[in-house]
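Okay, structure first, notes after.
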Amino acid sequence: MTTYWNVDQDLLPEGTERKKAVDSSIAQAAILLQQGETVAFPTETVYGLGADATSSTAVERIFRAKGRPSDNPLIVHIADTEQLSGLIQPLSLTPEHHQLMKIFWPGPLTLVLPVQTGGISPLVTAGLSTVGVRIPNHPMALRLLRSAGIPIAAPSANSSGRPSPTLASHVKDDLDGRVGGILDGGPTGVGVESTVIQIVNGQLYILRPGGITSEQLRSALPHITIHEPEREEISAVETPRAPGMKYTHYAPQGFMQIVQGGREDEVSAWIQRDIDAAKARGESTGILTFEERASWYRADLVIACGALSQPETIAQELYAALREFDQAGIQYIAAEGCEETGIGLAIMNRLRKAAGNKLVYV
Ligand code: AMP
Ligand code: MG
């Protein structure tokens, strides 16, 4: 049985009743976590599925509920920097780490640091000698972490391989009956996961692009080299790897490919021809595009996923859009790409994974 709590501040009527309801929901959710159960909760990126990071029994429940491969490590969520001491090796924080924590915590930046042996379950790190850790910037997440008082391992609260949840209803669709509780705090903010970084020999590696952009990292640390994923070939022996990156993720059930090109009129003409051909073969068709361009297309389902003029809105709506194609049973999908600057780097990273790297350049 999954307990469901509504703590969406925007939906509950204001006043002492709301305060009481929220307080008691958080307290109950924290107790479940302390008892080794799993609880899904909102963060500023996507919904996370949390469990006590110090307990292998609890962490095992996350992997089982999600069907997640055991060699894909989990990010540990904490309420404040004091909680770092039991998690990471003493003296492992450099001035650069301190600078990043000062600027971006709480927020969507995960730091990969040397793990303190015995501090957390080895299942969390998938046997690695490092642990990914962050402080989320969401009032409900922070209250839950503080009440529980333990470090909480929390991957995205979706079935492994499916798009990450940006609404509690997405969590319910995937995990109802498989987790201890779901704390519904309304829609999440950023819409894509945290940026995962590791500093090796004084250079910063972005292991996974996300809510904090390379541009933001560069302005926080102007003096160190920043390596972005997928934009350059890194062959150094000490190159860190983000183990989870090898799995297909976020994929809709239908066939999906990304269509990009230098001229937008050629891209849209190509997409429409491709979609018409799929329709003629008897497939149900979908197009993932943006507000500025949605009226150009004809398909069974055309989704305007945010606006190109405001790329943050694309990030916010991406995962819900991918789930919508599944709900409508769409078999053939063409997706437009966006520019890979700012949050666009994370958006295109997720979109490429969702499309299993199928990309047409016209
Ligand atoms: P998720 O929680 O589903 O967003 O996935 C967490 C991701 O964080 C993993 O797939 C890895 O890419 C990354 N990650 C977590 N811990 C580590 C670590 N110790 N070293 C490298 N990457 C990590
Ligand atoms: Mg995930």
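Here is how the numbers come out for the structure above:
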{"read-out": "Carbon + sulfur, % of accessible area of the stretch 121-235 - ligands and nucleic acids excluded, 1.4 Å", "value": "48"}
{"read-out": "Listed residues THR289, THR213, THR3 arranged by accessible area, highest first, probe 1.4 Å", "value": "THR3, THR213, THR289"}
{"read-out": "Candidate lysines - alpha carbon under 29 Å from LYS20, same-chain residues fewer than 8 apart omitted", "value": "LYS172"}
{"read-out": "Ranking by accessible area, most exposed first, for HIS170, HIS223 with a 1.4 Å probe", "value": "HIS223, HIS170"}
{"read-out": "Accessible area of the chain divided out per residue, in Å², using a probe of 1.4 angstrom", "value": "42"}
{"read-out": "For TYR205, solvent-accessible area (1.4 Å; no DNA, RNA or ligand), Å²", "value": "10"}
{"read-out": "Loop-exposed trypsin sites (Lys or Arg not before Pro) per DSSP, neighbour cap 12 Cβ within 10 angstrom, longest uninterrupted part of the chain", "value": "1-230"}
{"read-out": "Rounded if a/c under 1.5, otherwise prolate or oblate - the stretch 57-208, Cα gyration tensor axes", "value": "prolate"}
{"read-out": "Highest-fluctuation residue, LEU87, LEU49, LEU221 considered, GNM on the chain with Cα pairs under 10 Å", "value": "LEU221"}
{"read-out": "DSSP bridge pairs, the chain: antiparallel proportion in percent, nearest 5", "value": "40"}
{"read-out": "Gaussian network model of the chain, springs between alpha carbon atoms under 10 Å - residue of PRO139, PRO187, PRO114 with greatest fluctuation", "value": "PRO139"}
{"read-out": "Candidate residues HIS97, HIS249: accessible-area rank, largest first, probe 1.4 Å", "value": "HIS249, HIS97"}
{"read-out": "Relative contact order of the stretch 1-156, defined on C-alpha pairs under 8 angstrom at six or more residues apart (%)", "value": "32"}
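The values are calculated or read from the model by the stated rules, or taken from the named source; none is laboratory data. Since the structure is predicted, the reported quantities are computational estimates derived from the model, not experimental observations. Neighbour counts run over all protein chains shown; Cβ positions are idealised from the backbone, glycine included. When the accessible area is computed, the model is the full protein with side chains, heavy atoms only, and any ligands, DNA or RNA have been set aside. Shrake-Rupley method; radii C 1.70, N 1.55, O 1.52, S 1.80 Å.
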